[in-house]
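See structure below.
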Amino acid sequence: MTFDPSPRSDLPDERLVERARAGDREAFDSLVRRYLGPARNFCAKLLGDPVLAEDCCQEGFVKAWRGLAGFRAEAKFRTWLWRILVNAANDIRKPRMAALEEEMDPEAIPERDIAAEEAVAAALAKLPERQRQVLLMKVELDATPREIADALGISYENAKANLSLARKKMKELLG
């Protein structure tokens with residue numbers, strides 16, 4: 001059986017969440033279809049690895065399904081989902097970063113000509129974690145500063161400041 005990524009419902013997220021909370025798996029499937037593509041892209045950029053991004057998405061959507069009963073709808077569903085995905089990415093990254101730090105030999109990395117996409121990825125990797133999260137949520141998910149703040153559990157001002165700092169740092173890093 002193949003997965004059809006197209007949303008099967010024109011219902012708003014709020015209505016699909018209500019149905020899913022009542023046990024309607026098709027409603028939740030519609031939410032997955034609606035957000036799977038953006039979630040994959042977001043996780044891939046957060047983690048820098050498409051395989052880990054798939055794991056992150058799977059973990060995130062499973063946690064969303066299991067946590068639906070506790071979703072208070074104070075924020076939008078997508079904001080809540082992005083928070084779950086950021087947490088899942090952080091959980092995946094911690095052991096991975098520790099292993100990479102142990103294996104990394106700075107002298108063994110050859111110098112090479114970096115293509116534009118690789119330059120952006122390298123610049124993103126140099127941003128502090130919070131700035132990277134905020135910038136990716138804005139660029140990849142077109143999230144507003146309010147949605148970013150809600151998803152990351154930070155103040156609106158903090159979200160705006162981190163977004164501004166991230167943009168400034170990317171301009172510096174990319175020339």
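The values are calculated or read from the model by the stated rules, or taken from the named source; none is laboratory data. This structure is a prediction, so every number in the text was calculated from the model and none was measured. So basically every Cβ, Gly included, is an ideal-geometry build from the backbone, and we count neighbours across all protein chains shown.
Overview of values
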quantity: Residue 37 being surrounded by fewer than 19 Cβ atoms within 10 Å (Cβ to Cβ) and at pLDDT 90 or above; calculated: yes
quantity: Residue match in segment 128-135 (condition: within 25 Å of residue 76 (Cα to Cα), surrounded by 13 or more Cβ atoms within 10 Å (Cβ to Cβ) and touching a Phe, Trp or Tyr at 6+ places or on another chain (Cβ under 6 Å)); calculated: no
quantity: Some residue of segment 7-25 being within 24 Å of residue 154 (Cβ to Cβ), at pLDDT 80 or above and among the small types (Gly, Ala, Ser); calculated: no
quantity: Number of the exception - residue 154 against (1) in a helix (DSSP H, G or I); (2) modelled with pLDDT of 85 or more; (3) within 22 Å of residue 170 (Cβ to Cβ); calculated: (1)
quantity: Selection status of residue 112, out of contact with any helix residue (DSSP H, G or I) (no Cβ under 8 Å at 6 or more places or on another chain), of a type in the set (Lys, Arg) and at pLDDT 90 or above; calculated: no
quantity: Segment 59-87 residues that are assigned by TED's automatic domain parsing to the domain that holds residue 26, paired with ones that are buried (at least 16 other Cβ atoms within 10 Å of the Cβ) and of a type in the set (S, T, N, Q) (beta carbon under 6 Å, 6 or more apart); calculated: 86/133
quantity: Number of positions in segment 149-163 that are over 11 Å from the mean Cα position of the chain (by Cα) and either touching a residue at least 40 places away in the same chain (Cβ under 8 Å) or at positive phi (or both); calculated: 2
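Every residue, every condition in (1) surrounded by 10 or more Cβ atoms within 10 Å (Cβ to Cβ); (2) modelled with pLDDT under 50; (3) among the aliphatic types (A, V, I, L, M), yes or no:
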{"site": "72", "(1), (2), (3)": "no, no, no"}
{"site": "78", "(1), (2), (3)": "yes, no, no"}
{"site": "84", "(1), (2), (3)": "yes, no, yes"}
{"site": "90", "(1), (2), (3)": "yes, no, no"}
